[in-house]
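Worksheet: one structure, shown below.
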Amino acid sequence: MGKGEAGPVGQKLAIALAFGSSAAVMVLELVSLRLVAPYIGLTLETNTAVIGVALAAIATGAALGGKFADVVPPQRTLGPLILFGGALVMLILPVVRWTGQALANDMVFLVLAVTLFAPAALLAAVTPMVTKLRLSTLEQTGTVVGRLSAYATVGGIVGTVLIGFVFVATVPISTIVLTLGAALVVVGATLTFLLRGVQAAIKPVALALIGATLTVVAPRPCEVETAYHCARVVADPGREGGRTLYLDQLRHSYVDLDDPTYLEFEYIKNFAAAINGSWQGERPLDVLHVGGGGLTMPRYLTATRPGSKHQVYEIDPAVVELDKRELGVRTGPELAVTVQDGRLGVRSEATDSRDLVLMDAFSGQSVPWHLTTRELITDVRRVLRPDGIYLINVIDHGPVRFARAEVKTLQAVFPYVGLITRTNGSGGNFVLVASDRPIDVPAITGRLEPGMELQDNPTAFAGNAPVLTDDYAPVDQLLTPYGQ
């Protein structure tokens, strides 16, 4: 123990508490993002809001923890603080999942904000209280405060790295939350027992047991918790072989296990119309798919254009495994599936190597911003053969500012750009077509479903929308989600 440092908490224990409480706050923050994603999506706004709530909780906890440390002896409050924080952590998952099933999006986030704020603030109060316990004189104030602050920061870094690179990819979210809450309860109960006696620990431990029980019985929106999504496959009661792949709460793919030529979704039918209108007959194609989902289009093109070769880039390995396990996907010479970010996949492709590039990658309701920019589209143009076609699935509503910006960006790279949309002008899925050769409007239009149209010169649609670049691509801000 250094000069000027004293108290009932030794130096190593003080460091461990500062380190561990800060790590727990960061784990809690990042896990909270995963908890709300199935109900409100995962956008820049969602990330910003959750981070803002966590930072507000940290600031509040640090301020109040320091204030109460000067009023109430920390040895009386430190153990119960951690114990009660752990109990509240164990309540987060059931509260969010139950409200997510019943409430509107904004209310779900409000519930999360409250349930995240309380335990995060309690845990953030640990460091100033431990600091108070380690100080007996002003001579070593800088050393003690600096040391504990440094270890608290390191704890936050370690928690962030572990949750981002290890835990989320290998452990279900419910397990992470329960384990974190249980660990905090054990540490808090032990400290409470050592510093105050067993009676003070009974009520928070009971609350933690209630939280654990509710977590076990809470509704589970996932069949598989992946590193990016809450995924499940649902059978279609109206079609024997029909299967729908859900990622979070959105339908991402539909396949018929018995008939690969059956197409359910509107935008997939538009994809097929654009492809079949651009290449007559059964000519095999070399196709690059950015985004795998349920691999509907590789199935369709393999069935309708025998000999076609497909390279799929899908960032989520668990989705690929789900495809293989429940949707009957078999990889081989004609179907290669690589677990990799789509941008890196496009970059690795040889020049003039593909007839067709399909962009059908989504994070929530939006194409990830780095797959929308002029730089990415320029690289796609490099990969395409001179008569190749680039197709993009875009979802937008309301003023459709994102869809307009993506059309404008395509026009900055390709000489020919088309837009397949509903004739009534309503939002939803837009299929964008781009090529170095003229678009065969009559052939494509003749294959579109009733109520759909192809605009072969969507300059008026794009208007004065911005060109999206790696330096400026506010996709989440431009996008208008469904229902807003």
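Odds and ends about this structure:
- Close contacts from region 427-448, counting a first residue that is closer than 14 Å to Glu406 by Cβ and aliphatic (A, V, I, L, M) and a second that is part of a loop (DSSP other than H, G, I, E, B) and open to solvent by 20 Å² or more (accessible area, probe 1.4 Å), with Cβ to Cβ under 6 Å and a gap of 6+ residues or different chains, come to Val433/Ile439.
- Phe414 vs. criteria under 29 Å from the mean Cα position of the chain (by Cα) and among the aromatic types (Phe, Trp, Tyr): no
- Residue-level analysis places Tyr300 among those that are among the aromatic types (Phe, Trp, Tyr), modelled with pLDDT of 95 or more and surrounded by 15 or more Cβ atoms within 10 Å (Cβ to Cβ).
- Residues in region 461-476 that are among the hydrophobic types (A, V, I, L, M, F, W, C) and part of a loop (DSSP other than H, G, I, E, B) were compared, and the one that is farthest from Pro438 (Cα to Cα) is Ala473.
- Of the residues making up region 268-290, those that are free of Cβ contacts under 8 Å to residues at least 60 places away in the same chain and either in contact with a His (Cβ under 8 Å, 6 or more places away or on another chain) or buried (at least 19 other Cβ atoms within 10 Å of the Cβ) (or both) number 1.
- Condition met for Ile210 (farther than 21 Å from Ala56 by Cα, in a helix (DSSP H, G or I) and either of a type in the set (A, V, I, L, M) or at pLDDT 85 or above (or both)): yes
- Residue in region 126-162 that is surrounded by the most Cβ atoms within 10 Å (Cβ to Cβ), counting only those that are among the β-branched types (Val, Ile, Thr) and at pLDDT below 85: Val144
- Taken over region 245-288, the criterion of being of a type in the set (Val, Ile, Thr) and touching a Ser or Thr at 6+ places or on another chain (Cβ under 7 Å) is satisfied by Val255, Thr261, Ile268, Val287.
- Of the residues making up region 13-34, one or more are modelled with pLDDT under 85, touching a Ser or Thr at 6+ places or on another chain (Cβ under 8 Å) and on the phi < 0 side of the Ramachandran plot.
For (1) free of Cβ contacts under 8 Å to residues at least 60 places away in the same chain; (2) surrounded by fewer than 17 Cβ atoms within 10 Å (Cβ to Cβ); (3) farther than 22 Å from Pro386 by Cα; (4) acidic (Asp, Glu), each residue gets a yes or a no:
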| position | (1), (2), (3), (4) |
| --- | --- |
| Gly307 | yes, yes, no, no |
| Tyr313 | yes, no, yes, no |
| Leu322 | no, no, yes, no |
| Val337 | yes, no, yes, no |
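- Residue match in region 224-231 (condition: modelled with pLDDT of 80 or more and in a strand (DSSP E or B)): yes
- Within region 98-108, being open to solvent by 40 Å² or more (accessible area, probe 1.4 Å) and modelled with pLDDT under 70 holds for Gln101, Ala102, Leu103, Ala104, Asn105, Asp106, Met107.
- Scanning region 349-367 for residues that are in a strand (DSSP E or B), at pLDDT 95 or above and open to solvent by 30 Å² or more (accessible area, probe 1.4 Å) returns a single hit, Arg354.
Quick grid of which residues meet (1) buried (at least 20 other Cβ atoms within 10 Å of the Cβ); (2) in contact with a His (Cβ under 7 Å, 6 or more places away or on another chain); (3) more than 18 Å from Leu35 (Cα to Cα); (4) of a type in the set (A, V, I, L, M):
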site: Ala56; (1), (2), (3), (4): no, no, yes, yes
site: Ala59; (1), (2), (3), (4): no, no, yes, yes
site: Ala62; (1), (2), (3), (4): no, no, yes, yes
site: Gln75; (1), (2), (3), (4): no, no, yes, no
site: Leu83; (1), (2), (3), (4): yes, no, yes, yes
site: Leu88; (1), (2), (3), (4): yes, no, no, yes
site: Val96; (1), (2), (3), (4): yes, no, no, yes
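The values are calculated or read from the model by the stated rules, or taken from the named source; none is laboratory data. Remember, predicted model here, so these are calculated numbers, not experimental data. All Cβ positions, even for glycine, are placed from backbone atoms using ideal geometry, and neighbour counts span all protein chains on display. The accessibility values were calculated without ligands, DNA or RNA, using every heavy atom of the protein model including side chains. Shrake-Rupley method; radii C 1.70, N 1.55, O 1.52, S 1.80 Å.
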